[in-house]
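Participant: Here you go, one structure.
Every number here is computed from the coordinates shown, using simple stated rules; none is lab data. None of these values were measured; they are calculated from a predicted model. All Cβ positions, even for glycine, are placed from backbone atoms using ideal geometry, and neighbour counts span all protein chains on display.
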Amino acid sequence: MPTSAPGRSSRRGFTLIELLVVLLVMGLLAGLVGTLVRPDERALLRTEAERLAQLLELAATESRLTGNPVAFTAAPSNYSFWHWRDNAGWLEAREDVLRPRSLPSGMTMSERRIEFDPYVPAVYELQMSLGEARYAIGGSPLGEVRIHASP
């Protein structure tokens, strides 16, 4: 005795072909979103260079306001700021905005030490790179910090 009406199938669900088509479409969409969301090397490097330029400007301003020197040291993959204390010498900034930081994976920077004197603006140039992208951060004799693309 049949349990279903003639012409109607008792099978419910999706076929294997339908499931594969849905998975293919979802995979393509995920790949497209991934490429749109992830910034390219130049944009990522530019963002990191802008962050560092703001921190260097802050260090120079702090030096002028406190009357104490502030130093910046750069290694290829990280950087730190240092505060001068008359009774203790150079102490690494650990708990404030000028704390030590690491660069994103693959990004490098020229090794350098810059001392921000409270009375004389520091003149410097730092080179940053990520893949083929290159940026330089420079401090002028007027105390301005600028970012520009390097060849």
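Participant: What do you get for the angle between helix 16-37 and the principal long axis of the chain? Use alpha-carbon atoms, 0 to 90 degrees, nearest ten.
Facilitator: 10
Participant: For a footprinting-style exposure proxy, rank Trp84, Trp90 by other Cβ within 10 Å, fewest first. Mind showing how you got there, number by number?
Facilitator: Working: Trp84 18, Trp90 13.
Neighbour counts put them in this order, fewest first: Trp90, Trp84.
Participant: Enter the Cα centre distance for the pair region 38-64 and region 98-116, rounded to the nearest angstrom.
Facilitator: Here the answer is 10 Å between Cα centres.
Participant: Evaluate the charge dipole of the chain about its Cα centre and quote only its size in Debye, nearest 20, assuming +1 on the Cβ of each Lys and Arg and -1 on the Cβ of each Asp and Glu. Write out the running numbers ahead of the final one.
Facilitator: On the way: 16 positive and 17 negative charges, 197 e Å.
Approximately 940 debye in magnitude.
Participant: Still on this structure, I have one more. Highest GNM mean-square fluctuation, the chain, Cα pairs closer than 10 Å: which of Arg85, Arg12, Arg46?
Facilitator: Result: Arg12 has the largest fluctuation of those listed.
Participant: Of Leu45, Pro104, Met26, whose Cα points farthest to the positive end of the dipole of the chain (charges on the beta-carbon: +1 Lys, Arg; -1 Asp, Glu; origin at the Cα centre)?
Facilitator: Going by the charge dipole, the pick is Met26.
Participant: Further, regarding this structure: Using the alpha-carbon atoms, what tilt in degrees (0 to 90, nearest 10) does helix 41-66 show relative to the longest principal axis of the chain?
Facilitator: Roughly 30 degrees, rounded to the nearest 10.
Participant: Given the Cα atoms of the chain, and with Rh set as the inverse mean 1/r over their pairs in the Kirkwood sense, what is Rg to Rh to two decimals? Can you show the working numbers first?
Facilitator: Working: Rg = 27.7 Å, Rh = 19.2 Å.
Rg/Rh for the chain comes to 1.44.
Participant: Right, something else. Quick one: what are the phi-derived ³J(HN,Hα) couplings along region 100-111, Karplus 6.51/-1.76/1.60 with θ = phi - 60°, whole Hz, x for glycine and proline?
Facilitator: Calculated HN-Hα couplings, in order: x, 9, 9, 7, x, 3, x, 8, 10, 9, 5, 6 Hz.
Participant: Fewest to most neighbouring Cβ within 10 Å: what's the order for Phe116, Phe14? Walk me through the numbers before you get to the answer.
Facilitator: Values: Phe116 26, Phe14 10.
By the 10 Å Cβ count, ascending: Phe14, Phe116.
Participant: Next up: With Cβ to Cβ distances under 13 Å as the rule, what net charge do the other residues near Tyr124 carry (K, R +1; D, E -1)? Before the final figure, lay out the partial values.
Facilitator: Values: positive: Arg112, Arg113, Arg146; negative: Glu57, Glu111, Glu115, Asp117, Glu125, Glu144.
Cβ neighbours under 13 Å give a net charge of -3.
Participant: On to the next question. Per residue of the chain, what 222 nm ellipticity follows from adding -39500 (n - 2.57) for every DSSP H run with n ≥ 4, rounded to the nearest 500?
Facilitator: Details: 2 runs with 48 residues, N = 151.
Here the helix-only value at 222 nm equals -11000 deg cm²/dmol.
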